[in-house]
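*Asks:* Starting off with a structure, shown below.
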Amino acid sequence: MSESTVTDSHCHTEHPEKPHPVQPVTTDMTELIIDGAGCASCVGKIEGALNAVAGVKHAEMNFAQRTVSVSGTASHDDLIRAVEGAGYNAKVSSAESDADEMDEKEQADLAYYKKLMRETWIALALGAPLMVYALVTGEMSVNTTTERIVWLIIGILTLGVLLVSGRHFFVGAWKSFLNHSANMDTLIALGTGTAWLYSMVVVFFPEAVPAQARHVYFEATAIIIGLIDLGLALEIKARGRTSEAIKRLIGLQAKTARVIRDDQEMDLPIEHVLLDDLVRARPGEKIPVDGEVTEGHTAIDESMLTGEPMPVEKAKGDEVVAGTLNKTGSIVFRATRVGKDTALAQIINMVKRAQNSKPPIGRLADVISAYFVPVVMIIAVVSALAWLNFGPTPAIAFAIVSATTVLIIACPCALGLATPMSVMVGVGKAAEAGVLIRNGEALQTASKITAMILDKTGTITLGAPKVTDIFVAPGFSEQNVLQLAASVEAGSEHPLALAIMESAKEENVELLKTSTFNAITARGVEATVNDQTILFGNEKLMHERSIALVIGDEDFVEKAQGLASEAKTPMYFAIDGQLAGIIAVADPIKEDSISAIQRLQKNGIRVVMLTGDNRDTAKAVAEKAGITEFMAEVLPEDKAKKVQELQMAGEVVGMTGDGINDAPALALANVGFAIGTGTDVAIESADITLMRGSLHGLADAIAVSKATLRNIKQNLFGAFIYNVAGVPVAAGILYPVLGILMNPVIAGAAMAFSSLTVVSNANRLRLFKAQEH
Amino acid sequence: MLIVNIAGVILIALIIWWFWLYKPKAEQLGDDDLVVVVENGVYTPSHILMKLNDAHAITFLRKDASPCAETLMIPQLEISETLPLNKPTKIQIPPLNSGEYAFHCQMQMYKGTIKVEGGAS
């Protein structure tokens, strides 16, 4: 929605602190959009007309915005009538949803399509019979008085076609001319205008041109206008298909929400849902806004946003996301994000912006487009002069035909459309696979990635470690070690600490009070619990504190190495200077990480794993995941260094992380991939966000970007070749050798369908299957 | 024939001057928002003058049903906005350094420039 059309009509009537009404209240403020107000003096007229309406308290116009805010109780119809009575048009502005906007756009496109088709039929109704006549008889010349009269009538009819079906080209060309710019309209208006004017000169002053050149081109004029209108109409239809992905996303938005206020449930439009409202979602209903479950439990299908096919269990305290589908149970949740703040609205916004952005590959086409039309006009003049100077008789006819054909065949649109249409489809296709691409540049760079750095925890692994083994030294019990370990780690957010806490909870272990706590970087922690000094950490920490790791004939280092070789992370635990045991935690590799890594490697991408974990565990995880290159015991800042190191070695580096700890490395990488937790898309440091946890998202993102870039290259190549080959042929370059001069009608058909071809080729991307696993 | 050739050369010179060399007068941004109407293949006004380091909003009103008019891009500012038909859309322009900032549709058929010059206001 355009920023300026948002009204505050909903905001001031429903204050969160006041008791909520059962039904949505009506507003006493209306915003009208005014059409036809061209000068500042209109303001007084419109305000006066509205202030005179019964029930209006105050009307104030914002001339810049062409909007009027009207307070009072007058009906919308009365207000609109008053504005119309003052000589302007008005309509009520409303806080529209993306779906409303999309509907309006589709209706506007449909109306424009129908208008173009009407104009096409009108032009072809005259042009086609003339064309057939010309082909059958070959008689399009003016030699007798009768012929002059007949052609004059046809000339006037053709003028009608130019005015009705071709008006928009001529108006656009004139406005552009006054603006010192030139566009496709300029070329078509000049081409068809030249053909018609020349024909009329032949009709009115046949003696002014040589006998052999007394040829009229009314059929070409009408047919060209008809064909180009047809091409534009078909292009609109094809363009509509390029935005299917965004339509699908918008279609996920629910229109109403069942809100509970004052113990009463009511269906309200989603725009009326306020923050902290309680909302009920029954089985089979879409979640209307983002929220946190307060009651009930259910399974929710989030596949439409994340691409993850399995429904996700939700209970009290869990987040639910707008646009997802409640499958099994009835839940009540508290609205935490509404309107444009919901994850879905942000995703839609991000996809829209990315679809409108251009990758660097399109820059050359942009530079060419900027000079294209005037250059074609110059070529047309040069071509006409060449024919007049060196062409055979009748030189004037050849000059007119070549200049017209050059103007008509040149197609700046195909060049201009080549990149954006493919980006539109490619970004949408990626979004369907749960991959959010920030902009065109990220899309292009992702296609060139040669090395991919993967963070281990949460990227390759589930990021939810579990305690797998506890080995205790003589004189200590598992229960005791777990209790002290959990007490030390209580309050820590570290994934390993959470695993120990979870295990203590499962064993119903009571936590003890920790009196001192000291985190030792890259080593572990030191704490005091019940007057006992606890050391909990890696082998380095134990060596530094001279803790014996071999007790009797039990070698705990050997045990730790054995655990690490199974991809588990062992941590030593010492009480009052004596080793009490080892706790091993394992973070299982995600089910599909191995196949996703294989996909990346098959595409020739060098996969590197980084982890802060110890070398043995890292090695075991890397081996399991099929990764040969890894770095263990890496600090967050070292990740950025590794990115740089690979870049120095000539690699185009992708970095995948959780977007928080890895922010510097993500920012430094050529493409930063953030793995979203569920549907959290607020990851600003990433170029590409994967909405699901699977690494297949990476392979999908790279596959989509490669396919899109391939498509853009095809389009650009086609558009360049079309113009580079078409314009000289139209100018008559083949005539001296082969005796061929292109017919302007053929040029018109080629031009009309060149941009349609580009859009259709971009649409082929819709068939691309991102997931090949 | 000489006259025709001279006329042709003059025509080429006029094309170069009119479309490339001529610098049209830019519309100065005042205190109120400027409304740029998108219609008939052009932005009106298409040349906008802004003061150095002065943030401003420009409202675009698209009246042209052609899908070409739908997208407004200001590449140097990384702005890319979809313009709904017959509805004003406000685009916030941040404070800019002196220079010319092109804005255009996706295909660069609709073109305009924001020229930033002068001292800070």
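*Asks:* Of all residues in segment A:525-543, which are within 12 Å of A:I575 (Cβ to Cβ) and of a type outside the set (D, E)?
*Replies:* Result: A:A527, A:T528, A:V529, A:N530, A:Q532, A:T533, A:I534, A:L535, A:F536.
*Asks:* Tally time: how many residues in segment A:528-560 are at pLDDT 90 or above, over 13 Å from A:V488 (Cα atoms) and among the polar types (S, T, N, Q)?
*Replies:* Result for segment A:528-560: 1.
*Asks:* With the structure loaded, tell me whether A:E219 is open to solvent by less than 30 Å² (accessible area, probe 1.4 Å), within 29 Å of the chain's Cα centre (by Cα) and charged (D, E, K, R) or whether it fails that test. Spell out how you get there, then give the answer.
*Replies:* Values: open to solvent by less than 30 Å² (accessible area, probe 1.4 Å): yes; within 29 Å of the chain's Cα centre (by Cα): no; charged (D, E, K, R): yes.
Criteria not met by A:E219.
*Asks:* Hey, another quick one. Scan segment A:133-140 and give yes if some residue there is open to solvent by less than 70 Å² (accessible area, probe 1.4 Å) and within 13 Å of another protein chain (Cβ to nearest Cβ), otherwise no. Full working, then the answer.
*Replies:* Of segment A:133-140, the ones open to solvent by less than 70 Å² (accessible area, probe 1.4 Å) are A:134, A:137-138, A:140.
Okay, now just the ones that are also within 13 Å of another protein chain (Cβ to nearest Cβ), so none.
There is no residue in segment A:133-140 that is open to solvent by less than 70 Å² (accessible area, probe 1.4 Å) and within 13 Å of another protein chain (Cβ to nearest Cβ).
*Asks:* Related question: Would you mind telling me which numbered condition in (1) at pLDDT 85 or above; (2) surrounded by fewer than 13 Cβ atoms within 10 Å (Cβ to Cβ); (3) within 20 Å of A:K466 (Cβ to Cβ) A:M571 fails?
*Replies:* Exception for A:M571: condition (2).
*Asks:* Restricting segment B:71-91 to residues that are open to solvent by less than 20 Å² (accessible area, probe 1.4 Å) and more than 8 Å from chain A (Cβ to nearest Cβ), which is farthest from A:P420 (Cα to Cα)? Give the steps one after another, and end with the answer.
*Replies:* First, pick out the residues of segment B:71-91 that are open to solvent by less than 20 Å² (accessible area, probe 1.4 Å): B:71-74, B:80, B:83, B:87-89, B:91.
Then drop every residue that is not more than 8 Å from chain A (Cβ to nearest Cβ), which leaves B:72, B:74, B:91.
Numbers: B:L72: 12, B:I74: 14, B:I91: 21 Å.
Out of the qualifying residues, it is B:I91.
*Asks:* Separate question: Checking A:A686 against (1) modelled with pLDDT under 90; (2) closer than 30 Å to A:R438 by Cβ; (3) assigned to a helix (DSSP H, G or I), only one condition comes out false. Which one?
*Replies:* (3)
*Asks:* Checking A:T194 against (1) within 14 Å of chain B (Cβ to nearest Cβ); (2) open to solvent by less than 20 Å² (accessible area, probe 1.4 Å); (3) not aliphatic (A, V, I, L, M), which test does it fail?
*Replies:* (2)
*Asks:* Now for a separate question. Please go through (1) away from chain A (no Cβ under 12 Å); (2) under 21 Å from B:P24 (Cα atoms); (3) not in a strand (DSSP E or B) for B:N53 and return the number of the only condition it doesn't satisfy.
*Replies:* (2)
*Asks:* Still on this structure, please answer the following. So which of A:D276, A:D341 is open to solvent by 50 Å² or more (accessible area, probe 1.4 Å) and under 21 Å from A:A99 (Cα atoms)?
*Replies:* Details: A:D276 fails: under 21 Å from A:A99 (Cα atoms).
Testing whether each residue is open to solvent by 50 Å² or more (accessible area, probe 1.4 Å) and under 21 Å from A:A99 (Cα atoms) leaves just A:D341.
*Asks:* A further question follows. Could you grab me the full set of residues in segment A:354-367 that are crowded, with 18+ Cβ neighbours inside 10 Å and either assigned to a helix (DSSP H, G or I) or acidic (D, E) (or both)?
*Replies:* The initial filter retains those residues of segment A:354-367 that are crowded, with 18+ Cβ neighbours inside 10 Å, namely A:354-359, A:361-362, A:365-366.
Selection gives A:A354, A:Q355, A:N356, A:I361, A:G362, A:A365, A:D366.
*Asks:* Conditions: (1) outside any loop (DSSP other than H, G, I, E, B); (2) facing chain B (nearest Cβ under 9 Å); (3) in contact with a Ser or Thr (Cβ under 8 Å, 6 or more places away or on another chain). A:L388 meets all but one. Number of the miss?
*Replies:* Just one mismatch for A:L388, condition (3).
*Asks:* Moving on. Just to check your reading of the model, which residue among A:A245, A:A238 is in a helix (DSSP H, G or I) and modelled with pLDDT under 85?
*Replies:* On the way: A:A238 fails: modelled with pLDDT under 85.
Just one listed residue meets the conditions, A:A245.
*Asks:* Next question. Being over 14 Å from A:W196 (Cα atoms) and in a helix (DSSP H, G or I) is the filter here; which residues of segment A:168-183 pass it?
*Replies:* A:H168, A:F169, A:V171, A:G172, A:A173, A:W174, A:K175, A:S176, A:F177, A:L178
*Asks:* What is the number of the single condition among (1) touching a helix residue (DSSP H, G or I) at 6+ places or on another chain (Cβ under 7 Å); (2) at pLDDT below 75; (3) open to solvent by less than 20 Å² (accessible area, probe 1.4 Å) that A:C42 does not meet?
*Replies:* That leaves (1) as the condition not met.
*Asks:* Right, here's the next one. Answer yes or no: is there a residue in segment A:520-528 that is open to solvent by less than 50 Å² (accessible area, probe 1.4 Å) and part of a helix (DSSP H, G or I).
*Replies:* The answer is no; no qualifying residue exists.
*Asks:* Output the number of the condition that A:A386 fails; it satisfies all remaining conditions of (1) modelled with pLDDT of 90 or more; (2) buried (at least 21 other Cβ atoms within 10 Å of the Cβ); (3) of a type in the set (G, A, S).
*Replies:* (2)
*Asks:* Also: Residues that are more than 13 Å from the chain's Cα centre (by Cα), touching a residue at least 40 places away in the same chain (Cβ under 8 Å), within 7 Å of chain A (Cβ to nearest Cβ) and in a loop (DSSP other than H, G, I, E, B): does segment B:33-41 have at least one?
*Replies:* Applying the first criterion (more than 13 Å from the chain's Cα centre (by Cα)) to segment B:33-41 yields B:33, B:40.
With the extra rule that they be touching a residue at least 40 places away in the same chain (Cβ under 8 Å), the set shrinks to B:33.
Then keep just the ones that are within 7 Å of chain A (Cβ to nearest Cβ); that gives B:33.
Okay, now just the ones that are also in a loop (DSSP other than H, G, I, E, B), so B:33.
Checking segment B:33-41: at least one residue is more than 13 Å from the chain's Cα centre (by Cα), touching a residue at least 40 places away in the same chain (Cβ under 8 Å), within 7 Å of chain A (Cβ to nearest Cβ) and in a loop (DSSP other than H, G, I, E, B).
*Asks:* So, one more: At least 3 residues that are under 30 Å from A:F372 (Cβ atoms) and not basic (K, R) in each: list the helices (runs of 4 or more DSSP H) lying fully within segment A:406-494 that qualify. Give the steps one after another, and end with the answer.
*Replies:* Values: elements: A:412-432, A:440-446, A:478-489.
Counting at least 3 such residues, we get A:412-432, A:440-446.
*Asks:* In segment A:344-353, what residues are open to solvent by 50 Å² or more (accessible area, probe 1.4 Å) and touching a residue at least 40 places away in the same chain (Cβ under 8 Å)? Show your work before the answer.
*Replies:* Kept after step one, since they are open to solvent by 50 Å² or more (accessible area, probe 1.4 Å), are these residues of segment A:344-353: A:346, A:349, A:352-353.
Across segment A:344-353, the qualifying residues are A:Q346, A:K352, A:R353.
*Asks:* Next question, about the same structure. Could you tell me which residue of segment B:56-67 is farthest from A:Q355 (Cα to Cα), considering only residues that are open to solvent by less than 40 Å² (accessible area, probe 1.4 Å) and more than 8 Å from every other protein chain (Cβ to nearest Cβ)? Explain how you work it out, then say what you get.
*Replies:* Keep residues of segment B:56-67 that are open to solvent by less than 40 Å² (accessible area, probe 1.4 Å), which gives B:56-62, B:64-67.
Now restrict to residues that are more than 8 Å from every other protein chain (Cβ to nearest Cβ): B:56-58, B:60, B:62, B:64.
Working: B:H56: 25, B:A57: 23, B:I58: 22, B:F60: 20, B:R62: 20, B:D64: 21 Å.
Per the criteria, the residue is B:H56.
*Asks:* Oh, and also: Name, by its number, the condition in (1) more than 19 Å from A:I348 (Cβ to Cβ); (2) open to solvent by 20 Å² or more (accessible area, probe 1.4 Å); (3) part of a loop (DSSP other than H, G, I, E, B); (4) facing chain A (nearest Cβ under 8 Å) that does not hold for B:M107.
*Replies:* The failed condition is (2).
*Asks:* While we're looking at this one, here's another question. Which residue, of A:I368, A:I396, A:I400, A:I378, is more than 18 Å from A:S243 (Cβ to Cβ), at the interface with chain B (Cβ under 9 Å from one of its Cβ atoms) and β-branched (V, I, T)?
*Replies:* On the way: A:I368 fails: at the interface with chain B (Cβ under 9 Å from one of its Cβ atoms); A:I396 fails: at the interface with chain B (Cβ under 9 Å from one of its Cβ atoms); A:I400 fails: at the interface with chain B (Cβ under 9 Å from one of its Cβ atoms).
Step by step, each of A:I368, A:I396, A:I400, A:I378 is checked, and only A:I378 is more than 18 Å from A:S243 (Cβ to Cβ), at the interface with chain B (Cβ under 9 Å from one of its Cβ atoms) and β-branched (V, I, T).
*Asks:* Which residues, counting only those in segment A:726-740, are open to solvent by 50 Å² or more (accessible area, probe 1.4 Å) and either among the hydroxyl-bearing types (S, T, Y) or under 12 Å from A:A410 (Cβ atoms) (or both)?
*Replies:* A:Y735
*Asks:* Let me ask something else about it. In the list A:L443, A:L454, which residue meets the criterion of being closer than 22 Å to A:K358 by Cα, at pLDDT 90 or above and buried (at least 22 other Cβ atoms within 10 Å of the Cβ)?
*Replies:* Numbers: A:L454 fails: closer than 22 Å to A:K358 by Cα.
Testing whether each residue is closer than 22 Å to A:K358 by Cα, at pLDDT 90 or above and buried (at least 22 other Cβ atoms within 10 Å of the Cβ) leaves just A:L443.
*Asks:* Condition first: closer than 13 Å to A:A451 by Cα and within 28 Å of the chain's Cα centre (by Cα). Now tell me which residues in segment A:623-658 satisfy that.
*Replies:* Scanning segment A:623-658 gives A:V643, A:Q647, A:E651, A:V652, A:V653, A:G654, A:M655, A:T656.
*Asks:* Which condition breaks for B:A102 when tested against (1) open to solvent by 10 Å² or more (accessible area, probe 1.4 Å); (2) assigned to a strand (DSSP E or B); (3) touching a residue at least 40 places away in the same chain (Cβ under 8 Å)?
*Replies:* Among (1) open to solvent by 10 Å² or more (accessible area, probe 1.4 Å); (2) assigned to a strand (DSSP E or B); (3) touching a residue at least 40 places away in the same chain (Cβ under 8 Å), the lone unmet condition for B:A102 is (3).
*Asks:* For segment B:1-29, which residues satisfy the criterion of being over 21 Å from A:N179 (Cβ atoms) and assigned to a loop (DSSP other than H, G, I, E, B)?
*Replies:* Of all residues in segment B:1-29, those over 21 Å from A:N179 (Cβ atoms) come to B:1-10.
Matches in segment B:1-29: B:M1 only.
*Asks:* Quick check on segment B:2-26: of everything there that is of a type outside the set (A, V, I, L, M, F, W, C) and facing chain A (nearest Cβ under 9 Å), which residue is most open to solvent (accessible area, probe 1.4 Å)? Let's see the steps before the verdict.
*Replies:* Initially, segment B:2-26 is screened for residues of a type outside the set (A, V, I, L, M, F, W, C), giving B:5, B:8, B:22-25.
Subset that is facing chain A (nearest Cβ under 9 Å): B:5, B:8, B:22-24.
Working: B:N5: 40, B:G8: 7, B:Y22: 90, B:K23: 147, B:P24: 36 Å².
Going through the qualifying residues, I end up with B:K23.
*Asks:* Just to check your reading of the model, which residue among A:N179, A:N183, A:N143 is surrounded by fewer than 19 Cβ atoms within 10 Å (Cβ to Cβ), polar (S, T, N, Q) and at pLDDT below 95? Before you say what the answer is, go through the steps one by one.
*Replies:* Working: A:N179 fails: surrounded by fewer than 19 Cβ atoms within 10 Å (Cβ to Cβ); A:N183 fails: surrounded by fewer than 19 Cβ atoms within 10 Å (Cβ to Cβ).
The unique qualifying residue is A:N143.
The values are calculated or read from the model by the stated rules, or taken from the named source; none is laboratory data. Given the structure is predicted, the values throughout are model-derived calculations rather than measurements. Here the Cβ is made from the backbone with ideal geometry for all residues, glycine too, and neighbour counts use every protein chain on show. Ligands, DNA and RNA are stripped out before the accessible areas are found, and what is left, the full protein with its side chains, is counted by its heavy atoms. Shrake-Rupley method; radii C 1.70, N 1.55, O 1.52, S 1.80 Å.
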